[in-house]
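Read the structure below first, then the notes.
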Amino acid sequence: MRYTKKLTVKEWRRFDKIVERENGVYVTAQEILLKKYDVILTDHQTQGERVVSFLSKFNSENLDRSITLFKKNMNKVDKAFETWDKMKGQQKDKHDYSFLTGDKRN
């Protein structure tokens, strides 16, 4: 009779290391545990369960909030580029920043 051992997926992955070599075959700690115990993964989710839990996080309120936050950040980036372009135009005689924009050097 083999004893039952309950492990989380994180604990189970910790045993995925080669421990010994038997007759030219490498054996991991997971295989040794499976020979000695009945291993039950407590927090294992199937692919379908993972998809459902991922999709359940999306609702219209979260989506609207994300879109407005994205628009706000894009506006900040646009303003930063505009100020950079203005500064570039003012300092053209002092420094040559054409290598940053990909322009050809003269």
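The values are calculated or read from the model by the stated rules, or taken from the named source; none is laboratory data. Everything numeric in this text was worked out from a predicted model, so none of it was measured. Glycine also receives a Cβ, built like all others from the backbone with ideal geometry; neighbour counts cover every protein chain displayed.
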Of residues in segment 2-26 being of a type in the set (V, I, T) and modelled with pLDDT under 90, the one nearest to the chain's Cα centre (by Cα)
I18
Looking at segment 27-56 only, could you name the residues that are surrounded by 14 or more Cβ atoms within 10 Å (Cβ to Cβ) and under 19 Å from the mean Cα position of the chain (by Cα)?
none
Those residues of segment 1-45 which are assigned to a helix (DSSP H, G or I), among the hydrophobic types (A, V, I, L, M, F, W, C) and without any contact (Cβ under 8 Å) to a residue 24 or more places away in the chain, in sequence order:
A29, I32, L34
Suppose the filter is part of a loop (DSSP other than H, G, I, E, B) and out of contact with any Leu (no Cβ under 6 Å at 6 or more places or on another chain); does K57 pass it?
yes
Is one or more of the residues making up segment 63-80 in contact with a strand residue (DSSP E or B) (Cβ under 6 Å, 6 or more places away or on another chain) and among the β-branched types (V, I, T)?
no
